[in-house]
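Data block below; observations after.
The values are calculated or read from the model by the stated rules, or taken from the named source; none is laboratory data. The shown structure was predicted, so the numbers you read here are calculated from the model rather than taken from an experiment. Methodologically, a virtual Cβ is constructed for each residue, glycine included, from the backbone with ideal geometry; neighbour enumeration extends over all protein chains shown. Protein only, heavy atoms only, side chains kept; ligands, DNA and RNA dropped before computing areas. Shrake-Rupley method; radii C 1.70, N 1.55, O 1.52, S 1.80 Å.
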Amino acid sequence: MLTTTHLRSFNLRTKPSVNQTLRQNYHVASYRKPNSPTKQQKIDVAFEQMQEIKTGDQHMKEGRYEQAYEEFDRARKIAESQFGDSPETRAVLRRVFDASLKLNKLAECQTIADSLIKSKTELADQMDGEQLQVQIYSKKKEWDVAVGLYGDLVQRSREKQNIPVLANALVEMGNIYLLRSDARQPQVAQSLYQQSLTNLEKAHLLNNPIQVVALNNMGCALQLQQKLPEAEEFFQVALKAIEKIEVDNKEMRGDILSNIGEIKHERGDVKGSQTYYGDAVLVLSDVLPKNHPKVADVFYKLVFST
């Protein structure tokens, strides 16, 4: 099971947790211009925005993308009216983008990506916008365009020595070489994942979600090449690494457990595969609805793994 995630979801970069957003907005609320809303009024607005984001995040986890979009859109309007063009507003915009991409609202996705690319505040925001733009082309399955844009992003991030963006772009480019059914190239993907891991190691940026995704997806690339012992080794390393990161990682952990179960089954270890599939079902059921397709898929593998 290929794991995909995006840089703005990482501690290394932008998308803050609900509590982080609240703390940031509380700080903004502490400053008051003459005749502006009181501190308490602004804090109340920050709490309202936090609730919209929290509810939207839960909808996203459970696959209710339309409801998530509505919650995030309300949070965006609150942020834009109270905080203008701020890090808090841009963090909400990224959530709106994620929901819009799931709903195939590509025009809105493009508007959000363009707004970040044109941002005059931070280079990181501009590069984040470029990553969102590539996701749009990937969604359209315009793979060659997406690979070209990721190549440009790799070059720019390397020149700017922005290792998180570089590492993530390499992972996402590798994912394309595994996802595109017309020209799947697991060897190329493997090389890109290794480059990502090497850059993270050199920069001492270990134990973060980029590394976990690169390790897991390296296992997928090796599995497609029928290099099963090596694939299992990478999955096991990913499983150990994910325990050391401070993000909401249960779904990703469930994916890795399922991958190990699949490898065990392919290698003829039925008992081992059932153990890992069972653990995966328990973990995924804790964060996803019981009838979620991912939970159902792993449960099916567990039942028929004999």
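Scanning region 220-250 for residues that are buried (at least 19 other Cβ atoms within 10 Å of the Cβ) and among the charged types (D, E, K, R) yields a single hit, 232. Filtering region 276-291 to residues that are buried (at least 17 other Cβ atoms within 10 Å of the Cβ) and either farther than 26 Å from residue 64 by Cα or touching a residue at least 40 places away in the same chain (Cβ under 8 Å) (or both) leaves 276, 287, 288.
Residue 147 falls short of the stated requirement of being touching a residue at least 40 places away in the same chain (Cβ under 8 Å), open to solvent by less than 70 Å² (accessible area, probe 1.4 Å) and either out of contact with any Phe, Trp or Tyr (no Cβ under 7 Å at 6 or more places or on another chain) or not charged (D, E, K, R) (or both). The residue of region 195-219 that is nearest to the chain's Cα centre (by Cα), among those that are hydrophobic (A, V, I, L, M, F, W, C) and under 17 Å from residue 158 (Cα atoms), is 210.
Within region 147-162, the residues that satisfy the criterion of being assigned to a helix (DSSP H, G or I) and either among the polar types (S, T, N, Q) or under 17 Å from the mean Cα position of the chain (by Cα) (or both) are 150, 155, 157. If you check residue 48 against the conditions, is it among the acidic types (Asp, Glu) and either at pLDDT 90 or above or open to solvent by less than 80 Å² (accessible area, probe 1.4 Å) (or both)? It is false that residue 48 is among the acidic types (Asp, Glu) and either at pLDDT 90 or above or open to solvent by less than 80 Å² (accessible area, probe 1.4 Å) (or both).
Listed by first and then second residue, the pairs with beta-carbon distance under 7 Å, at least 6 apart or on different chains, first residue in region 80-93 and without any contact (Cβ under 8 Å) to a residue 12 or more places away in the chain, second assigned to a helix (DSSP H, G or I), are 80/89.
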